[in-house]
Structures are given as C-alpha cells and as structure tokens.
Amino acid sequence: MLVVGYIEGRTFTAADVAAAENIPRIAVACRRLHSGGRFGNDFDMFEVQRGYLSVARSRGFKIPAGYDDLRPRFDAAEKALAVRAEGTVPCNNDLLAANFIDDGDRIWLIDYELSGNNDACFELGNIGAESHLSHDALAELVAAYYGRPRRSRIARARLLGLVGMYGWTLWGAIQNAASPIDFDFWSWAMERFEGAAAGLYADDFPRLLEDVQRDD
C-alpha cells in the first residue's frame, strides 16, 4: 500500500451527501477536479459495460436474470446521450459516499482507481445513484455544478446514473465469481441491477431521452 498523504477529516455517509448544505460543496469539489489536467486514460461506461459483459460471458459467470432485457433501453440512452455530448473532463468515476472526506473547510475526493476522462454528468449521476439521492437532490447538485438549473443536464445526469448502475452490476457479478475478498458482491450487484431496472422502466424514462437532446 502506498500512502501519499493523510487528510484529517470525516468520511461521508449517504446522508451527508444528501444534506442540503453539502450539495453545493460537493459541486465545488467536482468542478475543481474537472477543471484540472486531463488523465492519461478515458472512462466510458458504455465501453466498460461491454468489456465487463464479455468477461462475464466468456467465463460463464452468473449475472442477474433479466439483465439482457434492459439492453434496448441502455442502447436508447447511449444514442440519446450522444446527441449533445460536450466532451470529457477528468473524473473520479467512483464517488460513493465513503470517497468524500470533509476536513471542515473543503471536501476532498479520494480513491482514483477508476479515474479517467469522462462526461461530467456521469460523475454527478453516479454520485446520485451511489448515495440514493432523490431526483430533487440530484437536480440541486446539477444546478449547483452548472450555476443554474439545466433541464438537459439533469436528464443527462439521471440517465448516466442509470447507465452506471447497469454497468456496475457486472463489476459486482465478476467480483462475486472471482474475488477472494469476504464480501457479498452478489447483493451489491443486485442492488445496482434493481436500481437500473427501476429507472430504465420508469414512466419518465422516455421524457429523459427527449430532455437530454434539447438545448437549454
């Protein structure tokens, strides 16, 4: 293990991420990272998901029943998101609550194992998905990040949060089959799969596909 620095502070919980007073601070922390120098690699969950699926299929790993049934909606999201793509920025890509540390003044982002250049809204949407933010709270995070409410960016963050859960499901399935770590990776994978399914089959999913293609 390589320790490059120590931060005196408190690790967040999902409730901390959702707290109204922390949402603008999280937006600031994300903007700070996203305005920095680019990473040497890219992270595209659509490509990552396809890679994970290839590994799982080729090795006969168990994946959730019904996983393939969601693929048409996953593909529809990819097509809609491509219409107004705004390029990529350096992202952490793994900002679950435990990867925020609050030193009382600023919020630090840690754990860059999955970092790479990505859509800024993937970062925001993934934060929302991992900490189970309400739609309103995620909208507040997006507005704080962009400086104003943006319907298309809210839709983008929500869709990319679903894309993330769909992809992370396979990461969990692979870990369930191959990892020596004593952890219930299957339950972890199923939590993300169920979240992806709920969102991709939600009544407002078609509206999100429309909103993300609009200019606001």
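The values are calculated or read from the model by the stated rules, or taken from the named source; none is laboratory data. In this text the structure is predicted, and so the values were computed from the model without any measurement. With ideal geometry, Cβ positions are generated from the backbone for all residues, glycine too; neighbour counts draw on all protein chains shown.
Points to keep in mind about this one:
- The condition (being out of contact with any strand residue (DSSP E or B) (no Cβ under 7 Å at 6 or more places or on another chain) and surrounded by 17 or more Cβ atoms within 10 Å (Cβ to Cβ)) is satisfied by just one residue among ALA120, ALA157: ALA157.
- Enumeration of residues in region 54-67 that are of a type outside the set (Phe, Trp, Tyr) and either in contact with a His (Cβ under 6 Å, 6 or more places away or on another chain) or surrounded by fewer than 19 Cβ atoms within 10 Å (Cβ to Cβ) (or both): SER54, VAL55, ARG57, SER58, ARG59, GLY60, LYS62, ALA65, GLY66
- Residue match in region 82-90 (condition: touching a residue at least 12 places away in the same chain (Cβ under 8 Å), farther than 18 Å from GLY172 by Cβ, hydroxyl-bearing (Ser, Thr, Tyr) and out of contact with any Leu (no Cβ under 6 Å at 6 or more places or on another chain)): yes
- If you go through region 29-42 and pick out every residue that is over 16 Å from the mean Cα position of the chain (by Cα) and surrounded by 13 or more Cβ atoms within 10 Å (Cβ to Cβ), you end up with 2.
- Matching option when the condition is loosely packed, with under 12 Cβ neighbours inside 10 Å, farther than 16 Å from GLU130 by Cα and modelled with pLDDT under 95, among ASP215, ASP203, ASP182: ASP215
- Residues in region 165-213 that are of a type in the set (Lys, Arg) and within 18 Å of PHE122 (Cα to Cα): ARG192 alone.
- Residues satisfying the stated conditions in region 1-35, i.e. within 12 Å of ASP102 (Cα to Cα) and either free of Cβ contacts under 8 Å to residues at least 12 places away in the same chain or assigned to a helix (DSSP H, G or I) (or both): ASP16, VAL17, ARG25, ILE26, ALA29
- GLU86 surrounded by 20 or more Cβ atoms within 10 Å (Cβ to Cβ) and either assigned to a loop (DSSP other than H, G, I, E, B) or acidic (Asp, Glu) (or both): no
- Test result for GLY66, in a helix (DSSP H, G or I) and within 21 Å of GLN175 (Cα to Cα): no
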